[in-house]
Amino acid sequence: MTLIYFVSIYRSIKMTPFIKKKDIKKDWYIIDAENAAVGRLASYISKVLRGKNKSTFNPHIDNGDFVVVTNIDKIKFTGKKFQDKKYYKHTGYPGGIKQTTPAILKEKNKSQEILKLAVKRMLPGGPLAKKQLTKLKIYNGEKHPHEIQKPKIIDFSKLNKKNLVRN
């Protein structure tokens, strides 16, 4: 008797359907990074790139949106991270470890690499993450060539008062 009851309840439970590739709609968002905290901004961007802000999120499907970030040269770190934080990479040869800091990257006019590294390290590893990272567009000034896509403006400073760094 209990087995029949369990089977009838199990059959009445419906599963959430997976979204098909043809049903995926990719939106465009624009974020102004002026005085924004790097880690908080990277965390938000990685969620949007993966599609975790949508109700149709699946970890194995590229369901994320495009993100355009402007004013990247005015991005800020909290505390002493601007001088103390170190990025390491290895060339593959013995003794080939290289390190750099955000201050050095900013001197070389590579401000976009700071945010790109932060977002890349918040995405899971693998081919899908590399594909999702290509949907991140970073620009130094206010101008960007994506006006045709009609991006929705996200006021990152209004999402949380801690998102802005006041120095």
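The values are calculated or read from the model by the stated rules, or taken from the named source; none is laboratory data. The model shown is predicted, which means the values in this text are computed figures rather than measured ones. Note that each Cβ is placed from the backbone with ideal geometry, even for glycine, and that neighbours are counted across all protein chains shown. Surface accessibility is based on the protein's heavy atoms, side chains included, excluding ligands, DNA and RNA. Shrake-Rupley method; radii C 1.70, N 1.55, O 1.52, S 1.80 Å.
Overview of values
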{"item": "222 nm mean residue ellipticity, helices alone, for the chain (DSSP H n ≥ 4; -39,500 (n - 2.57); rounded to 500)", "result": "-9000 deg cm²/dmol"}
{"item": "Check: the stretch 125-167 dipole with +1 on Lys, Arg Cβ and -1 on Asp, Glu Cβ, in debye", "result": "180"}
{"item": "Cα-centre dipole for the chain with unit charges at Cβ (Lys and Arg positive, Asp and Glu negative), debye to 20", "result": "280"}
{"item": "Leading residue at positive end of dipole, the chain (Cβ point charges), from Leu159, Leu115, Ile19", "result": "Ile19"}
{"item": "Residue range of the chain that is longest and free of chymotrypsin sites (Phe, Trp or Tyr not before Pro) which are both DSSP loop and sparsely packed (at most 14 other C-beta within 10 Å)", "result": "58-167"}
{"item": "Portion, in percent, of the accessible area of the chain that falls on carbon or sulfur, probe 1.4 Å", "result": "57"}
{"item": "Accessible solvent surface per residue of the stretch 18-57, calculated while the other protein chains remain in place, 1.4 angstrom probe, Å²", "result": "55"}
{"item": "Distance between the stretch 118-135 and the stretch 36-98 - C-alpha centres, whole angstrom", "result": "9"}
{"item": "Extension reserve of the Lys106-Ile148 stretch, reckoned as 0.36 nm per residue once the Cα distance is removed", "result": "12.1 nm"}
{"item": "Whether the stretch 61-167 is rounded, prolate or oblate, judged on the alpha carbon gyration tensor where a/c under 1.5 counts as rounded", "result": "oblate"}
{"item": "Relative contact order for the chain, counting Cα pairs under 8 Å that sit 6 or more residues apart, in percent", "result": "32"}
{"item": "Which of Glu113, Glu107 is most accessible, then next, and so on - probe 1.4 Å", "result": "Glu107, Glu113"}
{"item": "Qualifying trypsin sites (Lys or Arg not before Pro) for the stretch 89-136 [loop in DSSP, other Cβ within 10 Å: at most 16]", "result": "Lys108, Lys110"}
{"item": "Estimated dipole of the stretch 81-163 in Debye, rounded to 20 [Cβ of Lys and Arg +1, of Asp and Glu -1, Cα centre]", "result": "200"}
{"item": "Over 28 Å between alpha carbons, listed pairs Lys20/Lys150; Lys47/Lys80; Lys80/Lys162; Lys52/Lys108", "result": "Lys52/Lys108"}
{"item": "Set of aspartates and glutamates near Lys22 by C-alpha distance (under 19 Å), chain-local residues within fewer than 8 positions excluded", "result": "Asp62, Asp65"}
{"item": "Calculated from backbone phi, Karplus (6.51, -1.76, 1.60) coupling profile of the stretch 47-58 in Hz, x at Gly/Pro", "result": "5, 5, 5, 7, x, 6, 7, 9, 6, 9, 5, 9"}
